[in-house]
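Novice: Dumping the structure here so I can ask a few things about it.
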Amino acid sequence: MSEKSSLWVERFLPYIKSGGDVLDLACGRGRHSLLLHAAGYRVEAVDRDVDALAEISGAAPGIRTHAADLEGDAWPYRGRKFDGIVVTNYLFRPLFPHLLDALAVDGVLIYETFMAGNERFGKPSNPAFLLRPGELLDVVRGRLTVVAFEQGEVATPRSAMVQRLCATKRTGLMLPG
């Protein structure tokens, strides 16, 4: 794994049902797919980069990979439910309803990506790829229970403006352990 996994993702993995089905959306080179797999989850890694998916399969044959253009093709998981969904450094707003629908009861959404203000640190700088302040809260309002939310400037792994959310469809929130 060339890139280190997100501390935010690591922190909230225990909220996902042990051994559950987890979708790593726009997984890239699979840093979180490999982390999830090592933690005992059944992982579905989706991305449009078939070479990256082949690397993931080679590194951990138990990870299911799916090549899909998430922005141009139909949603590939219609009718599927996941115990966890992880999204990092990726934003395509039309997928929000699909993500919420694909989350099983008691499922956990872990989301972390760039937000407005990041343009002063470099890319991404296009507003289409930057969340508005509080946008993730607006997306889940009335549908999920927020476990944790942060937004603002971070220094690591590099200076950036980010928004982070962990939310669940749990009816009674219980801490892992």
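Just so you know, all these numbers are worked out from the coordinates, no wet-lab data involved. Model, not experiment: these values are computed from the prediction. Every residue, glycine as well, gets a Cβ built from its backbone with ideal geometry; the counts of neighbours run over all protein chains shown.
Novice: Please find the FRET efficiency linking Ser57 to Ala104, where r is the Cβ-Cβ separation and R0 is fixed at 30 Å, and quote it to the nearest 0.05.
Specialist: 0.75
Novice: Fewest to most neighbouring Cβ within 10 Å: what's the order for Val50, Val22?
Specialist: In order of increasing Cβ crowding within 10 Å: Val50, Val22.
Novice: Then there is this: What's the extension gain from Thr156 to Arg120 if we count 0.36 nm per residue and subtract their Cα-Cα distance?
Specialist: In short, 11.4 nm is gained.
Novice: Residues with beta-carbon under 12 Å from that of Leu130, excluding Leu130: net charge, scoring Lys, Arg +1 and Asp, Glu -1?
Specialist: Local net charge: +2.
Novice: Give me the base-10 log of I(q)/I(0) for segment 18-120 at each q in 0.20 Å⁻¹, Debye formula, one uniform scatterer per Cα, rounded to two decimals.
Specialist: -1.02
Novice: Can you give the local net charge around Leu36? Use residues other than it whose beta-carbon is closer than 9 angstrom to its beta-carbon, Lys and Arg +1, Asp and Glu -1.
Specialist: Counting the neighbours of Leu36, the net charge comes to 0.
Novice: Can you tell me how much longer the chain between Asp49 and Arg141 gets when fully stretched, taken as 0.36 nm per residue apart minus their C-alpha distance, in nm with one decimal?
Specialist: Stretched fully, the Asp49-Arg141 segment lengthens by 29.9 nm.
Novice: Give me Arg48, Arg31 ranked fewest to most by other Cβ atoms within 10 Å of their Cβ, as a rough exposure proxy.
Specialist: Taking fewest neighbouring Cβ atoms as first place, the list is Arg48, Arg31.
Novice: Among the lysines in the chain, how many pairs, 8 or more places apart or on different chains, have alpha carbons under 25 Å apart?
Specialist: Eligible lysine pairs with Cα atoms under 25 Å apart amount to 5.
Novice: Specify the residue with the greatest mean-square fluctuation among Thr156, Thr65, Thr113, computed from a Gaussian network of the chain linking alpha-carbon atoms under 10 Å apart.
Specialist: Thr156
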